[in-house]
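These notes concern the structure reproduced below.
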Amino acid sequence: MSLSTSIRERLFPGTNVARSAQAPAAGPAILLVGNPNVGKSALFNRLTGQYVTVSNYPGTTVEISRGRCSALGADVEIIDTPGMYSLLPITDEERVASDMLSGADVRCVVHVLDAKNLDRMLGFTLQLIETGLPVLVALNMADEARDLGIKIDVARLAAILGVPVIPTVSISGEGVADLVAAIKKTPPPSPFRVEYGNLIEEGIAGIAGRLSAGTVAARARASLLLQGDSRERERVLQEKGDLETARILQIVAATRTRLNHSPHYYVTLALRARVDQIVAECVRAPQRAPNRFRAALDRLCTHPLTGYPIVVLVLYFALYKFVGGFGAGTLVNFLEESVFKHTLIPWAVRGVAAVVPWAPLRSLLAGEYGIITLGLRYAVAIVLPIVGTFFLAFAVLEDTGYLPRLALLVDRGFKKIGLNGRAVIPIVLGFGCDTMATLVTRTLETRRERLICTILLALAIPCSAQLGVILGLLSGSGAALAVWAGVVLAIMLLTGFLSAKLLPGEQPMFYMELPPLRLPVLGNVLIKTYSRMVWYFREILPLFILASVLIWIGQITSIFQLLIRCTEPLVRGLGLPDQAAVAFLFGFFRRDYGAAGLYDLHKAGGLTVHQLTVAAITLTLFLPCIAQFLVMQKERGTRVALWIAAGVFVTAFAVGWLTHRALLLLPWVLG
Amino acid sequence: MTDHRLEEVLETLYLRFEDPSRQDIGSPGGEGLRLAVEHGYVDDVTQQLTETGRPLGELVVRRHRLAECLLRDVLRVFDAEAEEDACRFEHILRTGLEDRVCTLLGHPTTCPHGRPIPRGDCCRRAEHDGVNEVAALCDGRAGQTGVVAYLSTRDNREIQKLMAMGILPGSDIRLMRLFPSYIFEIGHSQFTVDRALAEKIIVHWR
């Protein structure tokens, strides 16, 4: 379990559902610090093996992984901090990382950086060194730097910085033993300091004189205060009280008025200038001979004339052909028909009948809505193959580096619905599992974007299980498919457009790193797919079984029948047969569950094309499944989650009804 | 030409010379005018700039308007004091320094009030070489390389984001694509940004 946990944390940093919220353990800890995308978590996994726990940082939803390294002794904890770009935090996650640096009992800090991009990363190293904590530098991705012909004089770099520098490759484990050995020795703090220029230095000296050193050296703290770090200000307020803090802030204000730009700007410039010197001394990079094929492919993917057709092709093959055709068609057929219908279920029904004497219990296990006959069958035979193929396709797209390119292609369009291109990742992931995608909305920057994205996921993005079933249902009629897609897309655009207009907040900003396009490594793709499927299964299987149990209880007590009778008028209003009420009721548990119920109904020959179209549209827009509702509640708060759920419920039935009436008026649409 | 009063007189007279219809310019007088006449920059009788005085007046006006651009485009000062700041600035810029400012700003042709900025040697050189222009990232051509000159924003969050990508004055930058989003290369990494951010990155293009 712990292995998959750590992998998951690596796959979706900060997206875990919390299991525990324990306070950080006392004792000297080793902090892994670094930018996002430098292989920090992979290195963490290398160092700690399986002994990992993931927990919320107290008072936040930001999650951190803790582990122990057998080579360092059982009492030494290694903590993987959230990725951050500099000591001055912007996001919640970075704030947690900065808290950990200044708070806990830190034995040493391992700064993990991308050896290819030392000029961008070393500035943070210098900041870390200035905190006065013992620092080690892990030059990660050393292999990629070598491949580019970049030569780094490691000894020289270590001498200049005054800290140990160890080249590592976290993916293969190269250099990790050396890193452990260096950590064991616990290096002394380095005396290295950066000169920030007179005005800044005067300010720093003035403030530092009024601070006690604490864990983080007074100079570093003064520098943070000067740069306007609100977190550091709170800390000082706690330590020093109002009066002394006011005096310190006076110095900050006085320094600021003497400068044109913010002190942060000058500090960063000074850091950069020093880094450039260091890089000039220690790094030799050749004139790059770019990979022509890769560059050409990159151009094709990002050029508007070829890029958009490629998006269509990728979505067509990855989603429609692979997930819809192979997953929802071939695999589902095989599992449903051969495995369940002809083998497992008859066997289970006979077995249960032979062993269980009590009729109600028999129906709980293997009745019409039984745990095996319904819960397990839906989960394993219908949902699992669809979701599995989706996660596989998504992992391939992710590891090729295609997703950021997709993001830049759709950014302009997404701005119209209040999002930026970055939101393409949760939205595309939503086509796999809306619940997981709602968790991933955390990667969006503003509250407004997270809210809009959550609404769209709840309303208009069908998850793969649902999509697979619906595509199967409507595959007989191209017109029905077109009506369904048109209505759902129109609702999505309209909702996004209205949300963007109505919700207050700042305009989204789009910026993203474009990692090089590369061929995915099969092993990594499989591990990702596997761990996501494990997460998914752990999440949904209990719900499916719970649904079976609830329906069973409902049936024995006749509550189920009552609920169906309440739903029937709504369903009848949509022009659907009464039996469809069962499918909609299932939909309360999970949307895919409801869609699967519809699938059963259709196979029994109970629906016309008109009815199928209306039912598919209503179910697509329908209330999110229970799991998604719970995640919405966790991420956005109960009030917002209830509002979204109510809005989605009304919209789904209203749009279903309108479609029904419109199709009655225009019967030729469906031929 | 070190006396501020003298410079003010030369400026005023140049503004009159440039646009005789302007009503908002007062008449020079006092110690400054006396000095100007004494140096032969101003004709005693007509009270107008002489052949030797005109280039000096032009230089003061050039410095003033460049200072206005500097305040607006780089330092982002928009308030009422900007005018006074520009007045002080024009006296601080020593000879040669205004050309550096002019280059930094990309040889602007008009001041924030829409009046022409007298051209300097640097402008003529840049025009002749067809290089040395400073413009926002979004105004570059695909494939063009340059050095980041400055970040044209006061928004700390924007500055932090740009800096996190390694976009700092002095960084080498290569623009690769402008549509559908801006793609550029800095160091060994590629980034993509939207127009709103690309406008804030001012590049000294090669």
In nm², the average projected area of the convex hull spanned by the Cα atoms of the protein assembly as shown is 46.2
Evaluated over segment A:302-670, the Cα radius of gyration and Dmax, each in Å: 20.7, 68
May I ask which residue of A:L665, A:P187, A:G478 lies farthest towards the positive end of the charge dipole of chain A, with charges of +1 (Lys, Arg) and -1 (Asp, Glu) on Cβ and the Cα centre as origin? A:L665
Quick one: which residues, 5+ away or cross-chain, put their amide H under 5 Å from the amide H of A:S190? H built at 1.01 Å from N. A:V135
Ranked packing of A:351-361, B:4-14, A:373-383, most packed first, by mean Cβ within 10 Å: A:373-383, B:4-14, A:351-361
Relative counts (whole %) of C-alpha pair distances in segment B:4-127, using bins that are 5 Å wide: 2, 11, 21, 23, 19, 14, 7, 2, 0
Where in segment A:261-278 does accessible area fall by at least 30 Å² between the isolated chain and the complete protein assembly, at a 1.4 Å probe radius? A:H261, A:H264, A:Y265, A:T268, A:L269, A:R272
Contact order relative to length for chain A, counting C-alpha pairs under 8 Å separated by 6 or more residues, stands in percent at 10
Partner lysines whose C-alpha sits under 27 Å from that of A:K321, ignoring same-chain residues fewer than 8 away, are A:K341, A:K528, A:K603
Whole-Hz ³J(HN,Hα) for each residue in segment B:33-45, computed from phi via Karplus 6.51 cos²θ - 1.76 cosθ + 1.60 with θ = phi - 60°, x for glycine and proline: what do you get? 5, 4, 4, 4, 5, 4, 7, x, 7, 10, 6, 4, 8
Which lysines, if any, have their Cα less than 28 Å from the Cα of B:K200, not counting same-chain residues under 8 positions apart? A:K116, A:K415, A:K416, A:K501, B:K161
Can you give me the long-range amide H partners of B:R115? Hydrogens built in the peptide plane at 1.01 Å from N, cutoff under 5 Å, separation of 5 or more residues or another chain. none
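Add -39500 (n - 2.57) for each DSSP H run of 4 or more in chain A, then divide by its residues: what number comes out at 222 nm, to the nearest 500 deg cm²/dmol?
One gets -19000 deg cm²/dmol as the mean residue ellipticity at 222 nm.
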What relative contact order, as a whole-number percentage, does segment B:4-127 give when Cα pairs under 8 Å and 6 or more residues apart are counted? 23
State, in square angstrom and to the nearest 100, the accessible area buried between chains B and A, both chains counted, probe radius 1.4 Å. 3500
Between the helical axis of A:638-665 and the dominant principal axis of chain A, each derived from Cα atoms, what acute angle in degrees is found, rounded to the nearest 10? 40
Show that you can apply the helix-only estimate: for chain B, add -39,500 (n - 2.57) for every DSSP H stretch of four or more residues, divide by all residues, and state [θ] at 222 nm to the nearest 500. -12000 deg cm²/dmol
Per-residue average of other protein chain Cβ atoms inside 10 Å, peptide B:157-170 -> 6
For chain A, whose charge dipole is built from +1 on Lys and Arg Cβ atoms and -1 on Asp and Glu Cβ atoms, the candidate among A:L406, A:Q238, A:T618 with its Cα farthest towards the positive end is A:T618
Which peptide among B:138-144, A:224-230, A:141-147 comes first, and what is the full order, when sorted by highest mean count of other Cβ atoms within 10 Å? A:224-230, A:141-147, B:138-144
Charged-residue dipole, Cβ positions (Lys, Arg, Asp, Glu), segment B:1-91 about Cα centre, Debye nearest 20: 160
Can you give me the Cα centroid spacing of segment A:286-341 and segment B:184-206 in angstrom? 29
What ranking do A:386-397, A:196-207, A:247-258 get when scored by the average of other Cβ atoms within 10 Å per residue, highest first? A:386-397, A:196-207, A:247-258
Rounded to the nearest 10, the angle in degrees between the Cα long axis of helix A:591-603 and the longest principal axis of the Cα atoms of chain A comes to 30
Given A:L526, A:I345, A:S464, which one lies farthest toward the positive end of the charge dipole of the protein assembly as shown, if we put +1 on the Cβ of every Lys and Arg and -1 on the Cβ of every Asp and Glu? A:I345
Quick one: if the Förster radius is 56 Å, what FRET efficiency do A:R210 and A:D578 give, using the C-beta to C-beta distance and rounding to 0.05? 0.15
Test item: A:505-513 mean partner chain Cβ contacts at 10 Å: 6
So, with +1 on the Cβ of K and R and -1 on the Cβ of D and E, and no other charges, what is the size of the charge dipole of segment B:134-205 about its Cα centre, to the nearest 20 debye? 60
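With N set to the number of residues, divide the alpha-carbon radius of gyration of segment B:134-205 by 2.2 N^0.38 Å and report two decimals.
0.94
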Using a cut-off of 23 Å between alpha-carbon atoms, which lysines can reach A:K184, once sequence neighbours fewer than 8 places away in the same chain are excluded? A:K40
Please compute the average number of Cβ atoms from other chains found within 10 Å of each residue's Cβ in peptide A:404-417. 3
Whole angstrom only: what separates the Cα centroid of segment A:479-507 from the Cα centroid of segment A:364-432? 19
Taking amide H atoms as placed 1.01 Å from N in the peptide plane, list the residues 5 or more away in sequence, or in a different chain, whose amide H sits under 5 Å from that of A:V110. A:L31, A:L32, A:V33, A:L136
Calculated from backbone phi, Karplus (6.51, -1.76, 1.60) coupling profile of segment A:574-579 in Hz, x at Gly/Pro: 8, x, 9, x, 4, 4
Any idea what the dipole of the protein assembly as shown comes to, in debye rounded to 20, about its Cα centre with Lys/Arg Cβ at +1 and Asp/Glu Cβ at -1? 2900
Between the Cα axis of helix A:304-315 and the main Cα principal axis of chain A, the angle (0 to 90°, nearest 10) is 60
If you rank A:R66, A:R272, A:R299 by how much accessible surface each has, with a 1.4 Å probe, what is the order from largest down? A:R299, A:R272, A:R66
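The values are calculated or read from the model by the stated rules, or taken from the named source; none is laboratory data. Note that the coordinates shown come from a computational prediction; the quantities given were computed from them, not determined experimentally. Heads up, the Cβs are rebuilt from the backbone with ideal geometry, glycines too, and the neighbour counts pull from every protein chain shown. To get the accessible areas, we keep the full protein, side chains included, count just its heavy atoms, and leave off ligands, DNA and RNA. Shrake-Rupley method; radii C 1.70, N 1.55, O 1.52, S 1.80 Å.
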